[in-house]
Amino acid sequence: MRKGDQTRERILLRAARVFNEKGYTGASLADIMKATGLEKGGIYNHFESKEKLALEAFDYSLQMIGKRFERNLSGKTHAADRLLGVVAVFDGYVEDPPVPGGCPVMNTAIDSDDGNPALRKRARQAMDWWRGLIVRTVAKGVERGELRRGADPEEVASLMISTVEGGIMMSKLYGDPVHVRRALGHLRRHIEKDLRA
């Protein structure tokens, strides 16, 4: 990797954390300069604006989360096992997050709700991907007889995502991973007892 590419990667890694912890509005250029150890010119040499950096830092955060999805879904073909794999993505999420500061999708969705349409669009695309993964998994699972007949794919997606995100938010708020552990435990029981055929 060339030195310029290494610098760009380092900026993304560190800026992703700053944006995830402070939000787009709350993260100042001074915060990013402090985190990266670069001056304004060094940052803008790689990114034309704070907004472009925020968008790419968000994408970088999604790549880190995506690696966890790949690892936890690898080799799983049964729908219930795939749903459990989605839940497993968030094991240890509070203690060892892919990007410190909580869930980048939730944080960005809340932070950009009214003030940054480009970031809001990115957060929605990320959520669409996650929802779509669950919806397709449930629909195929019902079709193949792996999940109970009548399981509503959209309902399962809404409940799974809301439960995970709520658990992460509570754990972050209280500084205690027990909340996300309880949420994940509940989802595992739901998948095994209520969804598996």
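List of remarks:
- Taking the chain as a Gaussian network of alpha-carbon nodes connected by springs under 10 Å, the highest mean-square fluctuation of the residues Ala118, Ala157, Ala57 belongs to Ala118.
- The chain, Rg to Rh (Cα coordinates; Rh as Kirkwood inverse mean 1/r): 1.03
- Each helix, a run of at least 4 DSSP H residues, gives -39500 (n - 2.57); summed and divided by the residues of the chain, these come to -23500 deg cm²/dmol at 222 nm.
- Translational diffusion coefficient of the stretch 14-127 (Stokes-Einstein, Kirkwood radius from Cα pairs, 10 °C, 1.306 mPa s): 106 µm²/s.
- For the stretch 76-167, average projected area of the Cα convex hull in nm²: 6.4 nm²
- Pairs of Lys residues in the chain that lie 8 or more places apart, or on two chains, and have C-alpha atoms under 17 angstrom apart add up to 11.
Taken together, the values in this text are just the output of simple stated rules run on the coordinates, not laboratory data. All values derive from a computational prediction rather than experimental measurement.
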